[in-house]
Amino acid sequence: MYDRHLRHEEILPHSDAANERTPEELLRIIFDYTAKIGGERNLKSVLLLMANMGREMIMADRCTVWLIDHARQELFTTIAHGVNEIRIPLGTGFVGHSVETGDYLLIDDAYSDHRHNDENDRRTGYRTKSVITVPFVGNDGTIIGAYQAINKLTPQAVFTQRDLEHLKLVASYAGKSLESVILHEEIVATQREIITVMGEIGESRSKETGNHVKRVAEYSYILAMGYGLPAEEAELLKMVSPMHDIGKVAIPDAVLLKPGKLTEEEFDHMKLHTDIGYHLLKSSSRELLKTAAIVAYQHHEKWNGKGYPRGLSGEDIHLYGRITAIADVFDALGSDRVYKKAWELERILQLFQEERGNHFDPQLVDILMEQLPAILDIRDRFRDL
């Protein structure tokens with residue numbers, strides 16, 4: 001289905017070979033991008049690869065991948081060459097028409113067609129001329145979005161029927177790959193929500209607010225990035241760090257909520273929360289929960305080997321545990337607890353300098369000081385009411 005009103009189906013491919021990809025070029029583009037897309041699990045990365053693949057295959061100036069936001073009754077794109085996120089009401093513009101009807105559109109002159117939405121052109125100063133729009137479907141045949149290519153990069157500056165067929169081929173593959181990635185991200189988002197809620201349950205037992213686990217998560221991410229971890233790994237740590245004290249669910253209130261100093265026996269009982277949290281989480285085959293188990297088990301170990309539960313020292317303590325230890329202590333010292341008032345920032349920083357190389361990884365203490373403006377911004381944004 002393509003736009004028969006413009007009778008573009010009657011136009012033959014251009015005879016000038018420079019205006020079209022050779023079969024060898026097309027195969028190289030297809031193989032390169034399908035391999036990259038098949039190994040990617042990040043939605044934004046997949047969308048960017050899809051846009052680049054479409055643009056290169058048909059020699060377009062720009063290519064956009066649109067998705068449907070059913071909750072807001074909008075089409076949106078976070079991947080559009082030359083612009084940031086765009087949102088339009090469902091049913092508007094060329095892409096709205098394609099998604100609504102399932103039609104493929106092949107347009108020579110956008111401004112001669114009443115369906116063209118020129119709002120983005122007016123906002124950006126860009127001039128849309130020729131357009132291809134191809135809807136793509138998921139595994140059940142339901143339309144989940146659309147490709148849109150703009151302005152052919154040839155002297156004729158219009159797309160051909162062959163371009164449409166090539167973009168339909170890309171859309172057929174990409175739609176099913178995209179649905180798989182969206183499903184993966186939904187699963188991860190659900191896991192993240194469950195982890196956060198479970199972390200808040202653990203903290204609520206000791207009368208902490210949900211904002212404590214949010215702050216620790218954000219601090220952990222900042223420290224991980226400052227350490228040089230890849231963004232994906234830093235995000236993983238951010239997701240699981242709310243579970244660091246999940247073992248507190250099994251600590252009696254008489255110990256957990258005691259306003260004064262714990263006896264040696266009570267402290268030994270309190271320390272069990274690391275073992276309890278670890279054993280709750282360690283059996284999972286999910287990377288998220290396996291990582292959470294590490295954090296729950298090791299965030300009370302100390303650089304000098306005098307922590308618990310195993311007395312690990314130095315780099316024998318997993319990096320995730322060392323990072324979460326700093327994030328947790330920094331926030332705990334700056335917050336009111338049943339057994340103490342919040343410390344002033346100057347006193348907190350002094351303690352970290354004193355415990356650099358004792359309680360805490362010295363490199364991570366240095367990163368804390370370097371990243372202090374970002375840390376304090378998080379503390380202000382997630383301040384307890």
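The values are calculated or read from the model by the stated rules, or taken from the named source; none is laboratory data. These figures come from a predicted structure and were not determined experimentally. Here Cβ is always computed from backbone atoms with ideal geometry, including for glycine, and neighbour counts include all displayed protein chains. Surface areas here come from the heavy atoms of the whole protein model, side chains and all, with no ligands, DNA or RNA. Shrake-Rupley method; radii C 1.70, N 1.55, O 1.52, S 1.80 Å.
Key figures
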| item | result |
| --- | --- |
| Flag for His166 being in contact with a Phe, Trp or Tyr (Cβ under 8 Å, 6 or more places away or on another chain) and open to solvent by 20 Å² or more (accessible area, probe 1.4 Å) | no |
| Output for the range 30-48, where each listed residue is in contact with a Phe, Trp or Tyr (Cβ under 9 Å, 6 or more places away or on another chain) and open to solvent by 30 Å² or more (accessible area, probe 1.4 Å) | Ile30, Thr34 |
| Residue match in the range 66-82 (condition: in contact with a His (Cβ under 8 Å, 6 or more places away or on another chain), open to solvent by less than 40 Å² (accessible area, probe 1.4 Å) and not hydroxyl-bearing (Ser, Thr, Tyr)) | no |
| So Val99, is it in contact with a Pro (Cβ under 8 Å, 6 or more places away or on another chain), aliphatic (A, V, I, L, M), buried (at least 17 other Cβ atoms within 10 Å of the Cβ) and modelled with pLDDT of 85 or more | yes |
| Residues located in the range 344-385, provided they are among the polar types (S, T, N, Q) and within 12 Å of Leu223 (Cα to Cα) | Gln363, Gln371 |
| The listed residue being modelled with pLDDT of 85 or more and farther than 23 Å from Arg162 by Cβ, out of Leu67, Leu43, Leu49 | Leu67 |
| Ile317 vs. criteria more than 21 Å from Arg379 (Cβ to Cβ), open to solvent by 20 Å² or more (accessible area, probe 1.4 Å) and touching a residue at least 12 places away in the same chain (Cβ under 8 Å) | no |
| One residue from Lys248, Lys238 being open to solvent by 50 Å² or more (accessible area, probe 1.4 Å) and charged (D, E, K, R) | Lys238 |
| Residue in the range 251-261 that is most open to solvent (accessible area, probe 1.4 Å), counting only those that are among the hydrophobic types (A, V, I, L, M, F, W, C) and assigned to a helix (DSSP H, G or I) | Ala254 |
| Residue in the range 336-349 that is closer than 21 Å to Met225 by Cα, of a type outside the set (A, V, I, L, M, F, W, C) and touching a residue at least 12 places away in the same chain (Cβ under 8 Å) present | no |
| Among the candidates Gln156, Gln161, Gln148, residue that is at pLDDT 85 or above, under 24 Å from Glu20 (Cα atoms) and over 27 Å from the mean Cα position of the chain (by Cα) | Gln161 |
| Residue tally, condition outside any helix (DSSP H, G or I) and either modelled with pLDDT under 85 or crowded, with 19+ Cβ neighbours inside 10 Å (or both), over the range 262-290 | 4 |
| Scan of the range 222-235 for residues that are outside any loop (DSSP other than H, G, I, E, B) and open to solvent by less than 30 Å² (accessible area, probe 1.4 Å), ordered by number | Ile222, Leu223, Ala224, Ala234 |
| Cβ-Cβ under 7 Å pairs, at least 6 apart or on other chains, the range 291-302 side more than 11 Å from Leu236 (Cβ to Cβ), far side among the small types (Gly, Ala, Ser) and open to solvent by 10 Å² or more (accessible area, probe 1.4 Å) | His300/Gly307; Glu301/Gly307 |
| Residue check for Asp3: modelled with pLDDT of 90 or more and surrounded by 12 or more Cβ atoms within 10 Å (Cβ to Cβ) | no |
| When residues of the range 106-161 are limited to those that are in a helix (DSSP H, G or I) and out of contact with any helix residue (DSSP H, G or I) (no Cβ under 8 Å at 6 or more places or on another chain), the one farthest from Asn52 (Cα to Cα) | Ser112 |
